[in-house]
Amino acid sequence: MAKSDKSVYVCNACGARHSKWVGQCADCGGWNTLEESRAIEIRGGQRSPGYSGQVSEVYALEDIPAGHEARVVSGLAELDRVLGGGIVVGSVTMIGGDPGIGKSTLLLQMLAAISQQVSTLYVTGEESLQQVRLRATRLGLDQVPMKLVTETHVERILDLLQQTRPQVLVIDSIQTVYTDALSSAPGSVSQLRESTAMLVRYAKQSGTSLFIVGHVTKEGALAGPRVLEHMVDTVLYFEGDASSQYRMLRAVKNRFGAVNELGVFAMLEGGLKVVSNPSAIFLSRHQQPIPGSTILVTREGSRPLLVEVQALVDESHLANPRRVTLGLEQNRLAMLLAVLHRHAHVTTFDQDVFVNVVGGMRVTETGADLAVLSAVLSSMRNRSLQHGLVLFGEVGLAGEVRPVQGGADRLKEAAKHGFSRAIVPAANAGKQTRVEGLEVLAVQRLGEALELIW
Ligand code: TYD
Ligand code: MG
């Protein structure tokens, strides 16, 4: 490297640039995350290397032909749902997830499903062609007209694409891919960024739909700086409990559809199968109502979902009683317990409180508040809720019950699964939300809700 090529040090956790190497990144505080990378210096009067001298044309918004997003429907209903209705032509999607969660399996099944309609190419840098073939045989997909190649060199992949011109391309995984333009090792930040940029540029120019597999770090973020997430149109996370057969595909960013949309799959002997009625798997039906258990109607993206929230409240022998949540935010529980004390005069300062969302689901919305508080109280008093009751609603610091989004859809879902009563925020209980067979009880304050329950 010539002396004039300045080195910069890029943090591989947050992407911050530093002029010299230090042990700890000043931006994100990560230890040993800095990596050397070369800065291309553009001297005064000199144009950047890619500058062709052509100036882009400026349009008035109304003059731009509207067009519509062309989509390829894969037929894997849950995947199509998460993508917002199918694979958008020319879009770039990144799929992250723990090793062994099923990313390669999902993409292989997707390619198999669409390879009758469009031309596809699966570029693998992790497994040999024999391994992929074996997997395809196990999935019963070995008769499908699908093209595969093992390649990790971006320039060679791009050459190959010029010849084969696939309409849907899968890169498995981006961490194995490298470019000659940089001297750093595959998987390093600068390599990831540059390789992704080259592939994205190709996809946008040629109208290819590109799927990129990305590994996640121990903390669960996509390995490499967050910049990768900015470069793509859609970011999906494949998650699930290793001990459970259910896998959830979640959209955390989507330029062509709703975020937080959730697709549910089951990993079986013959590969991933879509679960079209996920409420049924997250809902454990007890013969008798049991204390400490409530049914919440939550919403994931555009879909209402019934989940069971369980609480256990037990006498604590610790100076700081425990507040443990699984599938919910812990700080929110502490806040709700304070609201419970202040507005319903129930004290928990000498109690350990555990709250769990059954089935490995993660509920991120505030609409769970009412269900969490009634589960806590139910466990504390050792009294179960009435049979056939569902709840949803946010609880504010002033003890008020606030409305949530999609009230009507939630009530319909509850009625569909045979529930007969619902306690909901007053603002969610309008005329238009009336559902046959479901008694809707509107509440404005936490106290009212608790009175109705018992
Ligand atoms: P894989 O797609 O290789 O995961 P990733 O690409 O995310 O690392 O998934 C492999 C796991 O899935 C492995 O633990 C075995 C399991 N599996 C099944 O249970 N059934 C199947 O039909 C297949 C193909 C895999
Ligand atoms: Mg894989």
Filter the range 70-100 down to residues that are without any contact (Cβ under 8 Å) to a residue 60 or more places away in the chain and charged (D, E, K, R) and give me whichever is nearest to ligand 2 (Cβ to nearest atom).
-> ASP80
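For the range 266-278, enumerate the residues that are of a type in the set (Gly, Ala, Ser) and surrounded by fewer than 20 Cβ atoms within 10 Å (Cβ to Cβ). Give the steps one after another, and end with the answer.
Residues of the range 266-278 of a type in the set (Gly, Ala, Ser): 266, 270-271, 276.
Matches in the range 266-278: ALA266, GLY270, SER276.
Looking at the range 165-194, which of its residues are farther than 16 Å from THR124 by Cα and of a type in the set (S, T, N, Q)?
Initial filter on the range 165-194 (farther than 16 Å from THR124 by Cα): 165, 167, 180-185, 188-191, 193-194.
Of everything in the range 165-194, those that are farther than 16 Å from THR124 by Cα and of a type in the set (S, T, N, Q) turn out to be GLN167, SER183, SER184, SER188, SER190, GLN191.
Given the structure, is SER244 under 19 Å from VAL307 (Cβ atoms) and in contact with a Leu (Cβ under 6 Å, 6 or more places away or on another chain)? Reasoning before the result, please.
Numbers: under 19 Å from VAL307 (Cβ atoms): yes; in contact with a Leu (Cβ under 6 Å, 6 or more places away or on another chain): no.
Answer is no for this residue.
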Does any residue of the range 253-262 turn out to be open to solvent by 20 Å² or more (accessible area, probe 1.4 Å) and without any contact (Cβ under 8 Å) to a residue 24 or more places away in the chain?
-> no
Flag if TYR237 is farther than 26 Å from VAL200 by Cβ, assigned by TED's automatic domain parsing to the domain that holds VAL89 and touching a Gly at 6+ places or on another chain (Cβ under 7 Å) | no
Counted residues, the range 360-383 - those being surrounded by fewer than 17 Cβ atoms within 10 Å (Cβ to Cβ) and within 20 Å of GLN288 (Cβ to Cβ) = 3
Identity of the residue in the range 350-395, charged (D, E, K, R) and assigned to a loop (DSSP other than H, G, I, E, B), that ends up nearest to ARG299 (Cα to Cα) = GLU365
In the range 142-179, anything within 14 Å of ligand 2 (Cβ to nearest atom), part of a strand (DSSP E or B) and of a type outside the set (S, T, N, Q) is listed as LEU148, VAL170, ILE171, ASP172
Among the residues of the range 414-450, which ones are modelled with pLDDT of 90 or more and part of a helix (DSSP H, G or I)?
-> ALA414, ALA415, ALA426, ALA427, ASN428, LEU446, GLY447, GLU448, ALA449, LEU450
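The values are calculated or read from the model by the stated rules, or taken from the named source; none is laboratory data. On a predicted model such as this, the values are computed, not experimentally measured, just so you know. FYI the Cβ positions are ideal-geometry reconstructions off the backbone, even for glycines, and counts take in every protein chain you see. Protein only, heavy atoms only, side chains kept; ligands, DNA and RNA dropped before computing areas. Shrake-Rupley method; radii C 1.70, N 1.55, O 1.52, S 1.80 Å.
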